[in-house]
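Bear in mind these aren't lab numbers, they're just calculated from the coordinates by the rules spelled out. Here the structure is a predicted model, which means the values were calculated and not measured.
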Amino acid sequence: MSVLPGSIIVSDWHRFPDSREFFSRILHKKRRRKFGLLEAPMMPPHMNVDTVRYKVFISGKTGVGKSALAARLAGLDFPKMHYETTESAMRRFDHMLPSCKEQVDAMLFLFSFTDRGSFEDLSNQISRITESSDRVVKLVVGTKFDLFMHTDVTESDVTRFKEVWGLPVFRVGGDVSAGLGEVAPLLNALAENLWYQDCIAASSVSIATAGLTQTDKEIIV
């Protein structure tokens, strides 16, 4: 399940006057402000901003940039002291996969444009982690796209993958200090698909509730 880019979210909303007050509250020098323990900006009373929380599962081979991308999507600084999780360590914690997937809303499958093995492992990841019954948003992210001199994955490779799996592929550079513009297309697509998924779920619940109410009335009568 995927939504056409721009069909739900106005991608250039940040250029409209309506967005200025909102961004002035959450950004400082083009980076997200730190709001303390509650992690919520103080908005003026007339701006009614709802907070919606989602659980996103990030999968990928070692070294593709999972931690860096997670930090950038959350608007956080990537830690200076970072220890990469090895493949052997990941296999030891395979039993935790069901818990990680529990009530998950979206899955991001990562590969690096400088590591062909990580791209070839995508099919195995998707098959191992997801099931046909999973109703979650699935997106693929290629990291280190800006290192084009060292790329091991071609555009034709990406095109064939999209044709086979029917999943959108987003490209992200390797600079973890880049601003919001670097991950904006991915964030917009993720938000669009999550919102669409919520709308579908709400419609299903409404239809089921209506049917149940009608059945109850018939039984009572």
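The H on the amide N of R171, modeled in the peptide plane, is under 5 Å from the matching H of G142, each at least 5 residues off or on a different chain. Residues whose amide H lies under 5 Å from that of K138, counting only those 5 or more places away or on a different chain, are M107; hydrogens are built 1.01 Å from N in the peptide plane. Annotation: amide H-H contacts under 5 Å for I58 (H modelled 1.01 Å from N, sequence separation of 5 or more, or interchain): L108. Note that the stretch 110-122 has calculated 3J(HN,Hα) couplings of 9, 9, 10, 5, 9, 9, 5, x, 5, 6, 5, 7, 4 Hz, one per residue in order, obtained from phi through the Karplus relation 6.51 cos²θ - 1.76 cosθ + 1.60 (θ = phi - 60°); glycine and proline are x.
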